[in-house]
Structure formats: structure tokens, C-alpha cells
Amino acid sequence: MPAADAPPQTDPGLAAGSVLAFEEADHRNVARLGGKGAGLVRMTQAGLPVPPGFIITTDVCRERQRDGRLPAGFAQVVARYICRLEDRTSRSFGRGPAPLLVSVRSGAPVSMPGMMDTILNLGLNAETAAALARETGDRVFAAHVFVRFLRMYSEIVFGASGEGITLAAAPFISKLADEADDESFEQLAGACQAALTEDCGQRVPSDGAEQLMGAIGAVFDSWNSRRAATYRKFNGIADDLGTAVVVQAMVFGNLGAPSGTGVAFSRDPLTGEDALFGEFLPGGQGEDVVAGTTTPTKLRVAAEEMPALFADFAGVAKRLEELYRDVVDIEFTIERGRLYILQVRAAKRTARAALRCAAEFLSEGRLTEAEALGSVTLAQVRQLARPGFDAAAVTEAKAQGRRLAAGIGASPGQVSGMVSLDPDRAEEAAKSGQRILLVRPTTSPHDLHGMLAAGGILTSLGGATSHAAVVARALNKPCVVGCTALTIDPATRRFRFNGTWYGEGTELSIDGSSGEIFAGSLAIASSVESLAPMEALFAAADRLARSRIFARVATPAQVAAVLNHGATGVMIRLGDVLATSGRLQQTIDAVLAARGSGMPLGGMPEQLADLLVPLLQAANGADFMLRAIDLGTGEAAEALQTIDLFAREARLALPLGVPELIDAQARALALALERTDYHGRVHFTVRHVVDPNEMREVAAITAAAIPTALRERVAVGATITSLRGALMASDIARSAGSLWVEVRSLLAGAFGYPPAVMLTAEPLDDYLRRGLLSSDPRSALDDAMMRIFLGVAAAAVKNPACRVGVRLSGAFSEEMTAALFRIGFRAFIVDLDEVRAARIALGKQAAL
Amino acid sequence: MASVHLTEADFSVLAALLMKKIATAGVISDVTGLPSDQVCRSFDGLESVGAIFRAEGNAMSTPAGTELMTAYADRTYGALRGAEFERWHLRFEPLNRQFLAAITAWQTVDVGGTKVPNEHADREYDDGVRARIDGIVEKMTRLLEQLGLQVPRLLRYRDRLNAALGKIYAGDVRFISDVTVDSVHNVWFEMHEDVLLVLGKQRDDAGG
């Protein structure tokens, strides 16, 4: 809305448009207005109730930096904008009876540390403080605001410590509480100024205009503070951007009724539910809420008491959601029954809320699919998939009275373990494989080795900032602190909850979020959180990605779980299944006993089929991939200590070293299919294939082992783990029904790195920081590797009958997955707890 | 034991060992800033009076060692403990609280009144926390330099804190609160333990 009077900026020296009122500026011009300023402009022009103000653009800062002084005429222009504020608010700057107070804040185009803090209530002097006291009817409030302003100004503009001011003011404020005369505020001001002068030889100007110039100068100076300059240097930000200054009228939450101040979220930041969430302090000023000196009421309660006002507010919240296209957190003040928006930001929220809001914003048509998917991160999806206590087990434990106490949940996660009261003993016990809970009054660096060994930490003392809390979070271990119901007697190695004593070694369970402590252990569920409200988002991701996602599983329960998470198929490593069912050793023995006689391994197909049937049934028609026994990895490798085995029987290391084994597995698959009514698509893959000849042999053996009727339902294929295999992909694909590339194995081989390097943060993180690698093999595909994958993608094109995909191990890298999707891969095998993350990752990439 | 007198170097070495639990001379040299050969000499002397126990290149302090340390602290700093140290401690306490709050702010964010792990998705927030830590380390540096006039040994913590800060600005955020490196949090806690020893105070457990 253009102002009635055009801004007179024809003074020489100051370019037109260097200072702009909120209603005049163009919010898109963030470079000149700064982030905060641009936001205020935008809201003002959207018709939202923002206290009026103006912005001194970055032009002025730059000019001052260049010329060493403020442009000529600057002070006059600022004075004129102050006049306009006076008109708008019907208040007067630096004089009574209704004083105009302003806030002055820095606003750089890019936010950075080291910039000046906000100065509030500028314009206060003895006269205006007295006027404010009369207007609000509260002398003590006015005195506190005045002293706070003097302190803030001294600290921010003069770098003084300000303590002296508070001390000097105290007796005068007490006096004001009882009585006041015309001199009272003058005396208060005098005392504060004296203290300040003694401290640093300065005085806060009593003239409003001088205060304002001082504050503006301090904002400009802070652009060149050591911290800001260092930050810019490290982050490649130009030093000549300059900062803007936002000058805005203050509003008072304790002026007239109804009034008050509060913070609101347009949606619940914990759950994502579409309900206004927040707090309101009737008759309160902003700083009171932050200081926590009084208890605010819940927003819902305030809304009941002032329904019309909060209906308006709800409308404003929705307008802001439209404007920001996001959930917002709103600082607001109500002055004389009028609502004012002070600050709006994208709201901080939990992972659960982020996913739910994205899904609902999508359903409401506020965001496109691309935007909704772009607004969530894989870290958020993965957080919800974290394993925790089985909900039913917790309910049962509570019903049984096993909930012993609660402390402060300091580091999230849920874990059960044996109590150890000493870090040395904890470390010892953990070495023998025990799950330990370290329980102490508090912790210190002396306890570190015990904390490292424990699965969880519990302290009777301390708060959310204590050593135990900080270290537990750094170690990503569950931790409960400040459990006052807990007493520990280290001498007798016992601890007590309320009335009952327990010995070291007792089993306990702790919940690092809720702070609850249970007796005994609690069952773990693989995915605690229900993600039903977010289904819209996952569905959109699936629709866009149009990919097949296989999850690696080993039990029928896991099959059901991953299908529930949206996997389109399952991948089963037969070696794992044998290991978990305890049949692995006897299978190997049978293979070795056969000694390459060429005879089929009698009995084995039937035994293997027994293991496959329940898995096929659980699969319920979803894609079913069986990966042939491979003794080099997974549970099999651990169980057999494969290196020794391969040294003795090297042929076991080759995919077709024991052809009878392939034959037996194919027969087992056929038998299992005949025994179930599974009608989905089946894959049978062999690992480590490097040559088309091998592939042909696998195909031939399998064809001979599977009855004709079933043959066309089983796609026989290869899992490529080596460069040679990848380079031969096209030729191999010619005889294969499917081809899968193990990305991590390929990269590890290409770089020549052992698992200890590929699977850990260090030493590669340090290596990369030192600039020794141009690409991180754990998370990126450089040109050389991309060429190889392009070759594999090409193999798919040349052999349309062969389904081609990739195997991503562990917590897959989003970057890598996106790159593979971009070159055409649409089939992915992931670990069982990565299905949801995969759906979102692929959807995000597809939406671009 | 009462007749055994530790040198200041010995005391530094013992204090560092108490913190690290088990360490080689190399590690103790890094922590204390003392040259390795001096550390080795200290090790020899300390072992001969039963203050430490050595095996395979690693040293560990013993309960006797802890006693020696406390005795040294009381004897050496006892005379200094007075109004000045008390004033110093009064200025340290709030700074300590601010530091712990800042570290906690790095690790958790407040979402509608509940603390949840910081996902580090909000650059501005993270930068703000780093700035806070920077400011606090700056103030602590001044405090350490003051106390360092009486106890030069403590200046080592100033160097270690600022080294960690440098790594943080260089982008290695492990140096904020990781326990496996010389993070500001780790160093601060070791410093706090040492300062308590010098001042002859107990840790204020309830506050955490």
C-alpha cells in the first residue's frame, strides 16, 4: 500500500529508496532489505497486522563502509520516517504523553553470527518512561523496561557489562513501587547513567534521535565484527553485502484490555496435528514469557476466553501458512484488543510432525508433490523407523506395576540392560557381551569408558545439560537423568527406587524420551511409530517413482513387516536363513561330503524347501527374490569363519564351484512353489558372477532343476559384485532374467578399501577433509563410477527381457540413490528398515 | 606418602591420567603440553612411589596417586585459596552453566516446549549456537588467563579450547561434543575437574 505522502528522498548524498517503509518496499529484494526486513514487508503488504516500521537498506551500510561515514542527509531521512511512524501510531518519539518506542535490529541478506542483537524499547528517557508509567498505570513495569533498555543499549552499543546499571537502579525501583513524583524517573535515569559512566565512560543519549543513530551505527559496526567477518570468510560470503537495519514500532502486551503476548504454532509441532498450539501470557510483555517469570496459559484456554480474537488469529495463522507455504511459528502481541504479528518463522518441528504436515499440506493442495517431498528429509523418515519398545509390552509392564519411576529424558532411545554401578565393572561386563545400563549419581570424564561400553545411562542427579546428558547425546545412547526417586549405594552395590532395594546386575529398561524406568526387560518392536497419517506422502512418492523396492529379510515376520512398510518385494539370502535356523553347518558338511561327485545332494532340496515355504506364504504375492547360498557374507560368513573355509575349499568361493549346490537350491525353490499357492514373480540370483559363460551355466542348471510348468515364473539372474561383472553386464544380461549390482561392493573394490574403511566415519571423513579424495565412495558416484553404472543401465536397454536393479546396503546414501535413479534404475534392494526411506528418496528424485 | 613431593609437571601428568583413565606418554604429552620425555620422566618417578601403574606402554593412576594429587593441590594452592579464588569461582559458575546450555542447544532443539534431537537442518540455528560457544570460550580464555597468573598449568586448557574452536570453525563439528576427540565439551569438563582441584571444591552435583 503506497503511503499517502511520497517519501521525500531528494536529499543529496542519499540515493532514492535507501530507506523504505514496509508498505513501500519490494519484498523480493532481499539483498537490499535483508531477510527479516523482507519478511516484514511481505506480511505487511499481504494485509497482515504487522506493527509499522521502516528499513534502512544495505545501500547505506555499503556506502558507509566505502566512504567511512554516513551519507549526507541520512539523519534527516530517518527523522522523516520516524515522523511517519508517529502519524501511523498516534504516538510521539522521545516525548510524552504517548511515547513511541521502537526496536532496532540487524537484518543481513544472509544470516550470520556476530551480528548485533536486537535493541528493544528505544526512545525511552526519563520523560517517556514516566509517560509510559502513566499510560500503563504501572510504574514498576515502566521502570523495569527503562532499565532493561539502558542495559541493552549499553551492552550492545558500548559493549559495557550493564550489571552496574541494574545494581544502581534497584533502590530507585523499590522507591517507585511505593511512591512517585515528577523527579522519580529522572533520579532513576541519573543513577543508571552514573553507573554506566563509571563503568565505561559513556552515557546513553536521552534524545531519541541520538539513541537511534547510535543503534544504527552499532548495527553497521557489527557487520565487521570479528565473528561475522570470520564466518563470511569460512563460508565464502562477500564482505561488501552489508546489513540492513529494521526499525519497527513496539507494541505493548500490557496496554489496555484485552492484551498480552504469546507464541503460537500454526500446527502442533510435536505431532503435526492441524491445531493451533502455543502459549499466551495475558498482560505480558515478550521478555516475560522468555524469562519464564510467569506461567503462560495454553493457547487453547486463551482462545476459549477470547473467542473472537482467536478466531481472527486462526485466520491469520492460515494466511501465514499460505504465504510461507509451511507450518509457522508466530510471535504475537495483543495491545488494546488489537492483534499484532511480531515475528514469523518456519516452525521447528519433530520428524513425525514434519512428515505429517508434508502429507497434509499435499492433501490440502498447499504444496505440490515435488514441494511436499522436498520438504522432508530421509533423516526424519529414518528417525521414525527407529526400533523401540513394543507398545503392547509397555502397556503390559505398566499394568503389572513394573514402571518404577521417571526422570528427565535426556537422550532418546529405548533400551533394556543389566545395571552396573561402576564404569570399570560396566566395561568388563560389556566385553563379555552383556547389555549394560550404567547407573550413577552423576557422570564425569572419569566414567567415560563405562559410558562408552553401556547401552544406556541413568543418573539420579543432574539435568538436561549435565555431563551424562551431553555425552549420551553425543554417543547417540538412551539416557535418563535427574531421577530423584533413585538412590544409589555404591559401597553395597545396591540401588533403591522409592522403597525397594535392588542389586547390581538387576535388569532394567529405560526410555530416553519419556524418562521412564521399568523393572525387567521390554520386548523390542522394529518400528514403533504408526505412519498412517503420512500415507499420502508415501503414496505420492510411490506414484512418482514407479520403482520396485525389495527389502532384505530372513524371517516370515520380517516379510510381513516390510510389506507393511510398502516394499514391493522381498530378497532372501538363503545363507542367512540357514544360519538362523541352525542348518548352515550341516549344509556345508553335506556339500563337502559330496566331494564334487556330480551327484545331486540328496535330501537337501526338501530341507531347503521347508525353510522357503513359510517365507513364500508370508510374501503373499509380492516379488520374491532368492539369493543363492553365498558363504562369503552375512551370517554365513560369521558362522563359518569363511576365510579358513575358503583356504581349505577354494571352490566354495566361486559361484559355480559346486554346481550341485545351485541345482539343490533351484530344486528347493521349485518344491516350495509347488507346496504353496504363491503366484507372484520369483527371482533366483547367484552372487559374484563375472562372466556370461557362468550365467549361461546357472541358467542351464536351473532350467534342468525346475519343472517346465514353473520355469517361466522364475527369473534366473546374477548379483554383480565386481568391476569385471559390471563391465560384462551387457553380455551377462543376455542369458539372465535379472541382473543386480551391489553398489557398495563395487565401490569398495574399485577404490580398494576394506570394510573398516568403507563402513566407518573415520578415517575417510578426515581423509576427505584433508582434500585427499575428490569423491566419497560411501555416498557419491564420481564420473568414473558413473560410467560403469551407465554401462549397466545400457545393458538393461539392450536386453529388455532382463530386469536390472541395484543393491544398496545399510543406510543408503540419498545422493547416490538419486544419481542411479537419474540414469534409469528403477529396481532397488534395500535393508529391511530402509524401505520407507527408500520410497521417499526415490519419490523426491522423481519429483524433480 | 606424606614425604613424597610432586613437581608441578608430575601433578599435571597425574591429573591428565585420572581423566584419560589409561593413556600412553604420547597422549598425556598432548593433553598437558609437556614434552614426551618429561612425561616419561614423570611416569618413572610416579611409578616408583606407587602413584601410577604401567603395563605395555600404557599408564593408569592408582588410588595412592589420587591421594598424592589432592595433597599436592591442597598444599600448593591452599595458600592461594582465598577471596580472589572465590570471586573467580563466582564468575566461572554462570559461565559454566551457559556453556552446558550451549552444548545442549547444539544437541537438542526446543520444539513447542519439548526437546528433540537437533537434526542440523536449520543452518541459522546451528550458526547461532556456534557463535554462543565462541563467545563463551572467549570469556573462559580471559578467566583462565587470570587464574593462570597463579597456576600457569591451567593455560593449557585455554590452548586446547581454542584449538577445538578452530576445528569447529573449519567445519569439524565433532569438536563440539564428541567424546572420542578433544572436543570443547571434553576439554571443558577436564578443565572443570582440574579447576575444582585447584580451588579445593567439590562438583555441584545437583545442578549437573
Radius 14 Å from Cβ of residue B:68, net charge of other residues (Lys, Arg +1; Asp, Glu -1): -4
Separation between Cα centres of the range A:506-521 and the range A:773-848, rounded to whole Å: 40 Å
Descending semi-axes in whole angstrom, ellipsoid equivalent of the range A:20-136, from the Cα gyration tensor: 26, 18, 14
Sum of side-chain charges, residue A:209 neighbourhood, beta-carbon under 13 Å (Lys, Arg +1; Asp, Glu -1): -1
Zone of residue B:55's modelled label, taken as backbone nitrogen in the range B:15-41 under 13 Å from a point 7 Å along Cα→Cβ: B:22-23
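Just the Kirkwood number for the protein assembly as shown, please: inverse of mean 1/r across all distinct Cα pairs, in Å, one decimal. Working shown, then result.
Working: mean 1/r = 0.0298 Å⁻¹.
After inverting the pairwise mean of 1/r, the radius is 33.6 Å.
Roughly speaking, what is the stretch gain from residue A:783 to residue A:83, that is 0.36 nm per residue apart minus the C-alpha to C-alpha distance, in nm to one decimal? Don't jump to the answer; show the numbers that get you there.
Values: separation 700, 0.36 × 700 = 252.00 nm, distance 6.20 nm.
Contour length minus the Cα-Cα distance gives 245.8 nm.
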Restraint check, A:398/A:477; A:36/A:318; A:348/B:201; A:318/A:398; A:36/B:115; A:298/A:318, Cα-Cα greater than 29 Å: A:348/B:201; A:318/A:398
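For the range A:473-510, which trypsin sites (Lys or Arg not before Pro) are both in a DSSP coil and crowded by at most 16 other Cβ atoms within 10 Å?
Values: sites: A:473, A:493, A:494, A:496; in loops: A:493.
Here the sparse-neighbourhood loop sites are A:493.
Over the Cα atoms of chain B, what is the Rg over Rh ratio if Rh follows Kirkwood?
That ratio is 1.00, to two decimals.
Please work out the FRET efficiency for the pair residue B:201 and residue B:24, using the Cβ-Cβ distance as r and a Förster radius of 35 Å; give the result to the nearest 0.05. Could the numbers behind the result be given before it?
Details: r = 31 Å, r/R0 = 0.88.
With a Förster radius of 35 Å, E is 0.70.
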The range A:566-619-the range A:384-436 distance, computed between alpha-carbon centres (Å): 36 Å
Gain in span if fully extended, residue A:610 to residue A:238, counting 0.36 nm per residue against the direct Cα distance: 127.1 nm
Label-point gap, in nm, between residue B:114 and residue A:772 - each point 7 angstrom along Cα→Cβ: 4.4 nm
Net charge over other residues, Cβ less than 14 angstrom from the Cβ of residue A:821 (K, R count +1; D, E count -1): +3
C-alpha center-to-center spacing [the range A:83-147, the range B:132-151] in angstrom: 35 Å
Estimated distance in nm for a label pair at residue A:400 and residue A:501, the labels positioned 7 Å out from Cα along Cα-to-Cβ: 2.5 nm
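Across the residues of B:175-181, average count of Cβ atoms on other protein chains within 10 Å?
Values: counts 0, 2, 5, 3, 10, 6, 1.
That average works out to 4.
Using only DSSP helix segments of four residues or longer, with each worth -39500 (n - 2.57), what per-residue ellipticity at 222 nm results for chain A after dividing by its residue count and rounding to 500?
Values: 37 runs with 388 residues, N = 848.
The per-residue figure over chain A is -13500 deg cm²/dmol.
Let me have the relative contact order for chain A, percent, based on Cα pairs under 8 Å that are six or more residues apart. Can you show the working numbers first?
On the way: 1664 pairs, mean separation 67.8, N = 848.
Reported as a whole number, the value is 8 percent.
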Packing-based exposure ordering (other Cβ within 10 Å, fewest first) of A:192, B:40, A:802, A:357: B:40, A:802, A:192, A:357
Pairwise label distance in nanometres, residue A:178 with residue A:339, each label 7 Å out on the Cα-Cβ vector: 4.5 nm
Using a Förster distance of 41 Å, the FRET efficiency for residue A:424-residue A:651 (Cβ separation, nearest 0.05): 0.25
FRET E, pair residue A:753, residue A:693, Förster distance 30 Å, beta-carbon r, rounded to 0.05: 0.55
Helix axis angle, B:123-148 relative to chain B longest principal axis, alpha carbon, degrees: 30 degrees
Shielding by partners - mean other protein chain Cβ count within 10 Å, residues of A:465-478: 6
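Each value in this text was obtained by applying a stated rule to the coordinates, not by laboratory testing. From a predicted model like this one, the values you see are computed outputs, not experimental measurements. Heads up, the Cβs are rebuilt from the backbone with ideal geometry, glycines too, and the neighbour counts pull from every protein chain shown.
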